[in-house]
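These notes are about the structure you will find just below.
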Amino acid sequence: MKKWLLDMQWLFVFVVVWIILYARADLIIILSGALVGVFSLWITEKYLIGSSYYHHYPINLFKLISYFAYLLIEIYASGIHTIKLIITGAVNPKVIKITTELDDDYSISILANSITLTPGTVTIDKNGKELTVLWLNAVTTDPKIAGRMIKGNLERRLMHRRE
């Protein structure tokens, strides 16, 4: 794919973030976001990483939007579940170490941040492929079972993000 098409994906992401930060989407905000995005891509590629931004941080725009939508659903579902736990007092907090099957630090960091965004879990530490998670409702201490419960489908969706 041509470089400008790959850069357009990141530019779209940057403009959306810019719009979210300004909390409005008028023409001036969109144009200034695009201008800042192009400048940021150029500076990053030329002076910081020395090659294509997409090469270091590849994305598939459709999968990114799909992941974000899925994450929002998980956040709301976990939030409702966490509220029930707090109201009933049925919390059982534990620190659990889980292992991820993801290979690159970029994907592992996205997973760790996604776990933290989901109510009831906080990623405390990352050491290689191992994540230390504070889990509000630890129903098991078995790392494999806990990993499946905490990561859910987030890890699977991240494994296929480049395809």
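Readers should treat all values here as calculations from the given coordinates under stated rules, not as data from a laboratory. The structure displayed is predicted, hence computed values, not measured ones. Please note: Cβ atoms are built from the backbone with ideal geometry, for glycine as well, and neighbour counts cover all protein chains shown.
Say the cut-off is 28 Å between C-alpha atoms; which of Lys94/Lys129; Lys46/Lys129; Lys46/Lys126; Lys63/Lys144 go over it?
Over 28 Å apart, Cα to Cα: Lys46/Lys129; Lys46/Lys126.
Using Cα atoms only, what is the angle between the long axis of helix 3-22 and the major principal axis of the chain, expressed in degrees (0 to 90) to the nearest 10?
Computed tilt is about 60 degrees.
Using helices alone, I'd like the mean residue ellipticity at 222 nm for the chain: each DSSP H run of four-plus residues gives -39500 (n - 2.57), total over residue count, nearest 500.
-19000 deg cm²/dmol
With +1 on each Lys and Arg Cβ and -1 on each Asp and Glu Cβ, and nothing else charged, work out how big the dipole of region 1-130 is about its Cα centre, in Debye to the nearest 20.
In total the dipole reaches around 160 debye.
May I ask you to evaluate 6.51 cos²θ - 1.76 cosθ + 1.60, the Karplus curve with θ = phi - 60°, for each residue of region 32-45 and list the ³J(HN,Hα) values in order in whole Hz, giving x for glycine and proline?
5, x, 5, 5, 5, x, 4, 4, 5, 4, 4, 4, 4, 5
How many Å³ per residue does the convex hull of the Cα positions in region 3-56 occupy?
Roughly 71 Å³ of hull volume per residue.
Report, as a whole number in µm² per second, the diffusion coefficient that Stokes-Einstein gives for region 111-163 at 4 °C and 1.567 mPa s using the Kirkwood radius over alpha carbon pairs.
The estimated diffusion coefficient comes to 112 µm²/s.
Could you tell me the center-to-center distance, by alpha carbons, between region 72-99 and region 124-163 in angstrom?
14 Å
How charged is the neighbourhood of Thr118? Take every other residue with its Cβ under 14 Å from the Cβ of Thr118, and add Lys/Arg as +1 and Asp/Glu as -1.
Local charge sum for Thr118: 0.
Could you work out the equivalent-ellipsoid semi-axes for the chain, taking the square root of 5 times each eigenvalue of the Cα gyration tensor, largest first, in whole Å?
Semi-axes, largest first: 34, 20, 13 Å.
Taking the 0 to 90 degree range and rounding to the nearest ten, how far is the long axis of helix 61-88 tilted relative to the main principal axis of the chain, both from C-alpha atoms?
Here the helix axis deviates by roughly 30 degrees.
Express the relative contact order of region 3-56 as a whole percentage, based on alpha carbon pairs under 8 Å and six or more residues apart in sequence.
Computed over region 3-56, the figure is 39 percent.
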